Structures are given as C-alpha cells and as structure tokens.
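Written out below as structure tokens is the structure these notes cover.
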Amino acid sequence: MSTPPTATPASEPVISGLLDKESVLAAMADNAAVAALESAIPDAFLDAKFDRHELTLTVTREEIVAAAKAIQDAGYNFLEDVTAVDWYPSSPRFQVTYHILSHGMKERVRLRVMLDDADPVISTITHVWPSANFYEREVFDLFGIRFSEHPNLRRIMMPDEWEGHPLRKDYPVEGYR
C-alpha cells in the first residue's frame with residue numbers, strides 16, 4: 001500500500017535548494033524578506049536558498065547592517081540567534097548566521113555571511129537588534145570573529161586570560177599548554 005503524496009500549501013513556493021540564485025529569488029518574490037532586500041540593497045545578495053521551508057540569504061559582510069535593517073523594516077521583529085560555523089580548511093573559513101523571525105507573518109529568514117580566515121571581522125548589528133550583543137560576544141569568544149563597533153566586545157564564556165578560541169577546528173583538543 002503506497003502513501004498518497006502530500007500536497008504543498010498554495011502559499012508555499014515549490015522550489016528546490018539546488019536552483020540558482022535568480023530562480024530562488026524569482027520564486028520567492030512575494031516573500032517580505034526578499035522584497036525588502038531586493039529594494040533596499042539589490043547588489044548585497046551573493047546566494048539564496050530555499051530548502052525544507054527555510055529561506056537562507058547570503059549577503060556580503062559590508063551590507064550586513066543594511067540587510068538586518070531592511071529585514072527588520074519588512075516586519076521581521078525578532079532576532080532568534082547569531083551563530084558561526086568554522087569550515088576549516090575551506091575558504092572562506094567562517095560562516096556567521098543570523099536567524100530572524102517574524103511573529104506577524106509566522107516566517108523565518110536566515111542571513112548568512114562568509115568570512116575569510118585572514119580577516120574575520122564583521123560589523124555589529126547591535127544598533128538594529130540590541131539582543132545581538134550577547135550572541136556576538138559568544139561568537140567572538142568561541143570562534144575569534146570580531147564585530148566592529150560592538151559596544152562591549154569581550155569574552156563571555158571563557159576566562160579573560162584564556163588563550164585561543166575553543167570552537168575553531170584547529171584548536172587543540174586539550175587546549176594550549
């Protein structure tokens with residue numbers, strides 16, 4: 001006995017995460033986040049992916065503050081998390097990810113910025129979302145990614161005298177001795 005295929009809701013675009021950026025953006029044209037970023041900073045997009053009902057927009061590091069503000073103005077009112085991934089030994093090495101929610105639209109969007117190992121610096125978004133303060137401090141402490149113009153960028157989890165950043169993939173398992 002086979003199971004019947006599940007229907008995709010009419011409001012859900014039928015696109016794959018494997019499509020190119022233009023196809024994803026065209027299919028998501030009615031999405032508030034996409035529309036806001038396309039009108040505010042059209043050249044900031046590097047990539048777009050829609051997979052498993054989740055929209056991920058890759059933006060340039062120079063445009064992260066403008067992208068965060070445009071997303072907020074579009075009705076995405078809650079910064080859920082800021083986190084990072086170390087893709088060592090790949091280049092670019094670091095990925096900073098912002099998870100943002102709209103309570104009114106019941107939608108999420110993910111902003112992603114890729115950073116090189118040589119210069120892991122990105123602008124802070126604390127003046128757009130003050131709650132980013134502690135998330136950015138955690139990313140700084142554990143990955144060593146600096147947030148320029150952050151109001152209080154210092155360690156939050158590790159002791160002040162701790163050497164290195166323990167979530168980097170090249171960090172020794174037993175720490176530096």
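The values are calculated or read from the model by the stated rules, or taken from the named source; none is laboratory data. Everything quoted here is computed from the prediction, not taken from an experiment. Because the Cβ atoms are built from the backbone with ideal geometry, glycine has one as well, and the counts that use them run over all protein chains shown.
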Next item on the list: Looking at (1) of a type outside the set (Lys, Arg); (2) at pLDDT below 95; (3) touching a helix residue (DSSP H, G or I) at 6+ places or on another chain (Cβ under 7 Å); (4) surrounded by fewer than 19 Cβ atoms within 10 Å (Cβ to Cβ), find the lone condition where Ser39 falls short.
Entry: (3)
Check: Among all residue pairs at least 6 apart or on different chains, which show Cβ distances below 8 Å where the first residue, located in the range 75-99, is in contact (Cβ under 8 Å) with a residue 60 or more places away in the chain and the second is acidic (Asp, Glu)?
Finding: Tyr88/Asp117; Tyr88/Asp170
Margin query: Condition first: more than 14 Å from the chain's Cα centre (by Cα) and either modelled with pLDDT under 90 or surrounded by 20 or more Cβ atoms within 10 Å (Cβ to Cβ) (or both). Can you find one or more residues in the range 52-59 that meet it?
Written below: yes
Next item on the list: Please tell me if His53 is over 19 Å from Ala132 (Cα atoms) and touching an Asp or Glu at 6+ places or on another chain (Cβ under 8 Å).
Entry: yes
Next item on the list: For the range 99-119, name all the residues that are out of contact with any helix residue (DSSP H, G or I) (no Cβ under 7 Å at 6 or more places or on another chain) and under 15 Å from Glu63 (Cα atoms).
Entry: Arg110, Arg112, Met114
Checklist line | Among (1) more than 17 Å from Ile122 (Cα to Cα); (2) in a loop (DSSP other than H, G, I, E, B); (3) of a type outside the set (Phe, Trp, Tyr); (4) at pLDDT 85 or above, the one test that Ser16 misses | finding: (4)
Margin query: Looking for something surrounded by 17 or more Cβ atoms within 10 Å (Cβ to Cβ), modelled with pLDDT under 95 and within 18 Å of the chain's Cα centre (by Cα) - is there at least one such residue anywhere in the range 143-163?
Written below: no
Notebook entry, point to check: List, please: which pairs have Cβ atoms under 8 Å, are six or more places apart or on different chains, and start with a residue in the range 147-162 that is over 16 Å from Ala132 (Cα atoms) and of a type in the set (Phe, Trp, Tyr) and end with one that is part of a loop (DSSP other than H, G, I, E, B) and modelled with pLDDT of 95 or more?
Noted result: Trp162/Arg155
